[in-house]
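K.L.:
One structure, as structure tokens, below. Some questions next.
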Amino acid sequence: MQQKLILPVNRTRVTASAFNRAYRERFGYPHYGTDLVSAVGDRTVYASGTGTLIIAGWDEYAGNTVVIRYPGAYLRSEDRYEDIIFRYFHLDSLARIPTGEGAITKDTVLGRYGGSGFGSMTRWSPHLHLEADTDVRYPRHSPTFGASGSVIFGRGAGATADSVRDALSYLYLKPTPPDSQTYQTDGKPYVDDRDLCVPELL
């Protein structure tokens, strides 16, 4: 199949880009995901397209986590379709996510984002950390963490950044009312130029 994915938060505000240099200098470690919040306070997180749930649950490092495989996702920067893994970290709560091949759709609620992680429900200010990874053989491996938790396997288990991509390069705005989406960013220093806008899904 081939598909174009949509944003997981309907009124998206991006607070930090993946691989942002200023973020690394400020916090002392690389940022392998894109941080999203709602511009209107609605913390609902939706799936981005047709996909299959790999795992959902509590991870000691990433907090409440969802991992989904989306087949045939369109990568705008390279004008091609490929299978992609999305990892959603720091959720406050998880919904009942359907299982089975292709059971997830763009209308599937995954949960609500929060600040969970490192063994606490309030480790960070509420946001959704979204990672995109082309390594579909190891969907639960993330270079964000050194150690491994119950859901995510870290660098100690062989996770690398080689296959991690900017999630926003796969995502579009859903223009259809009544749940049409909006997009904005916090701008510099933590948002890169490539992420200042996201096109509408035509």
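K.L.:
If the chain were replaced by its equivalent ellipsoid, with semi-axes equal to the square roots of 5 times the Cα gyration tensor eigenvalues, what would those be, largest first, whole Å?
P.N.:
Equivalent ellipsoid semi-axes, largest first: 22, 20, 18 Å.
K.L.:
Same structure again: How big is the dipole moment of the chain about its Cα centre under a simple scheme where the beta carbon of each Lys and Arg is +1, that of each Asp and Glu is -1, and everything else is neutral? Debye, nearest 20, please.
P.N.:
The calculation lands at about 240 debye.
K.L.:
Let me ask something else. Per residue, what accessible area does the chain have, given a 1.4 Å probe and all protein chains present, in Å²?
P.N.:
45 Å²
K.L.:
On to the next question. Quick one: check the C-alpha center-to-center distance for region 145-173 versus region 45-100, whole angstrom.
P.N.:
Here the two parts' Cα centres lie 11 Å apart.
K.L.:
What per residue convex hull volume, in Å³, comes out for region 1-107 when only alpha-carbon positions are used?
P.N.:
118 Å³
K.L.:
Please give the net charge around GLY63, taking every other residue with its beta carbon less than 9 angstrom from that of GLY63, where Lys and Arg add +1 and Asp and Glu add -1.
P.N.:
Residues near GLY63 contribute -2 overall.
K.L.:
In whole Å, what are the extents of region 26-67 along the principal axes defined by its C-alpha atoms, from largest to smallest?
P.N.:
Extents along the principal axes, in whole Å: 36, 28, 17.
K.L.:
Turning to a different aspect of this structure: Excluding same-chain residues fewer than 8 positions from LYS4, which lysines have a Cα within less than 21 Å of its Cα?
P.N.:
Cα-Cα hits under 21 Å: LYS106, LYS174.
K.L.:
Return the tail of the calculated pair distribution for region 86-202, meaning the percent of Cα-Cα pairs more than 18 Å apart.
P.N.:
64 percent
K.L.:
For region 1-76, give the percent of accessible area contributed by carbon and sulfur heavy atoms, probe 1.4 Å, rounded to a whole number.
P.N.:
Of the solvent-accessible surface of region 1-76, carbon and sulfur hold 43 percent.
K.L.:
Further question on the same structure: How much mean residue ellipticity at 222 nm does the chain get from its helices, if each DSSP H run of length 4 or more adds -39500 (n - 2.57) and you divide by all residues, to the nearest 500 deg cm²/dmol?
P.N.:
Taking each H run of at least 4 residues, the total per residue is -1000 deg cm²/dmol.
K.L.:
Here's something else I'd like to know. Per-residue counts of other Cβ atoms within 10 Å, averaged by peptide: what ranking do you get for 115-125, 80-90, highest first?
P.N.:
Descending mean neighbour count gives 80-90, 115-125.
The values are calculated or read from the model by the stated rules, or taken from the named source; none is laboratory data. For clarity, every value in this text was computed on a predicted model and none was experimentally measured. Here Cβ is always computed from backbone atoms with ideal geometry, including for glycine, and neighbour counts include all displayed protein chains. All accessible areas refer to the heavy atoms of the entire protein, side chains included, with ligands and DNA or RNA removed. Shrake-Rupley method; radii C 1.70, N 1.55, O 1.52, S 1.80 Å.
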